Amino acid sequence: MKKIVVVGGGISGLAVAYAVIDGAREASQEIDLTLIESQNRLGGKIQTERIDGFLCEAGPNGFLDNKPETLELCSKLNLDNILLRSNESAAKRFIYSKGVLHQLPASPLGFIGFRLLSLRGKLRILGEPFTKPISYTVDETIADFGRRHLGTEADKKLIDPMKRKRRGKREDQWAREAS
């Protein structure tokens, strides 16, 4: 009997454990599989909690289904009948800045009229193809990458709003009460 250890009970670790079990079953092999997870629950970043009567989901809100293996795994796990396809309105993205809701442009023409960025900021983004590569030995943050490729204004107004912010006091209280 083969002994196998999978470290991590997030989506990747669980998918590996499933593939090992499935492969052993198909090959009629006996295995002794141990899954090691440091948290008191499985799922990694993916979690569902009820907080003050609301259903709250954390982690990824979707996945790219252009790889057949992903949909095959969903089917093997009997999840394909509960998958929700995104609807067209979800393709629209917005940034709220200084009291105004700005829809992110979906086309080059829309980018021209995009009012969140100055003309200088737009010209800097258009210069992105001329950005020089850096050494792979440099550990670059998302902010550094954004500033280097798109400029300071785009980093501040487009990238920064999409970064996960630290939870507020009320959310920390909910997290403590839920655990």
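No lab work stands behind these numbers, since they all come straight from the coordinates. Everything numeric in this text was worked out from a predicted model, so none of it was measured. Quick reminder, even Gly has a Cβ in these numbers, built from the backbone with ideal geometry, and neighbours come from all protein chains shown.
Karplus-based coupling profile of the stretch 41-56, in residue order and whole Hz: 8, 8, x, x, 6, 7, 7, 10, 9, 9, 10, 6, x, 9, 8, 10, with θ = phi - 60° in 6.51 cos²θ - 1.76 cosθ + 1.60 and x standing for Gly or Pro. Each peptide in 39-48, 26-35 gets a packing score, the mean of other Cβ atoms within 10 Å over its residues, and the list from highest to lowest is 39-48, 26-35. Recomputing P(r) over Cα pairs in 10 Å bins from 0, in percent from the coordinates shown identifies the correct label among (i) 10, 40, 40, 10, 0; (ii) 7, 21, 26, 27, 15, 4, 1; (iii) 9, 40, 36, 13, 2, 0 as (ii). Peptides 133-141, 4-12 ranked from most to least packed give 4-12, 133-141, packing being the mean of other C-beta atoms within 10 angstrom over each peptide's residues. Counting each DSSP H run of 4 or more residues in the chain as -39500 (n - 2.57), what helix-only mean residue ellipticity at 222 nm follows after dividing by all residues, to the nearest 500 deg cm²/dmol? Mean residue ellipticity at 222 nm (helix-derived): -9000 deg cm²/dmol. Between the Cα long axis of helix 11-26 and the first principal axis of the chain there is an angle of about 40°, rounded to the nearest 10. Using a 7 Å offset from Cα along Cα-Cβ at D160, what residues in the stretch 86-102 end up with backbone N under 13 Å from the label point? 97-98, by backbone N distance to the label point.
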